[in-house]
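Derivation of every value follows stated rules applied to the coordinates shown; laboratory data play no part. The structure presented is a predicted model; accordingly, all values stated were derived computationally and were not measured. Every residue, glycine as well, gets a Cβ built from its backbone with ideal geometry; the counts of neighbours run over all protein chains shown.
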Amino acid sequence: EAEAIRLANDSPYGLSASVWSRDVAHAEAVARQLHTGSAIINDTIAHFGVPQLPFGGLKASGFGRVHGRDGLRQFTQPHAYATGNPPQPLDVATVLRKPGHYRLGAALLRLAFGVNSRQRLEPVVEAARRQVNQASFGRVAVGVGAAGLLAAAAFAFGLRRPRRRAG
């Protein structure tokens, strides 16, 4: 039996198999081990005539299916559609997806998830340094104001975080 299964599976073809036995349960167990598109117990090609069953092969016996749901799906192309309201203009995800906002996203992540105050304030310090390096005084003032706002937010966020106890 094992050799018969091995020889059957060694074939380059795998359209269908027919297993014959007086012990139907044993024949089903053998059929489950065969690498074919379908198998029938104690008959030959009767399963092709059942339109609810998919029929098609494996390996060099071709691809695709006829009959049943799988036969119908062969002629379809799945597509995904999502419908919803457009995001709000100040939605964080919408703002961060726009070109040129990588630094802002990185700063927000460090501000929110920094392990200590220094890591949380690092984006504020970087923003202030960038502003100082630029020539415009107005930009420096805006940058320092933004840095102060971020520092205040970091400080407030840091106060709300539970502190770890040594022990």
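Fewest-first ordering of Phe113, Phe48, Phe55 by other beta carbons within 10 Å of each residue's beta carbon gives Phe113, Phe48, Phe55. Looking at segment 1-34, the trypsin sites (Lys or Arg not before Pro) that sit in a DSSP loop and have at most 14 other Cβ atoms within 10 Å of their own Cβ are Arg22.
With R₀ fixed at 45 Å, the C-beta to C-beta distance from Tyr102 to Arg73 puts the FRET efficiency at about 0.60.
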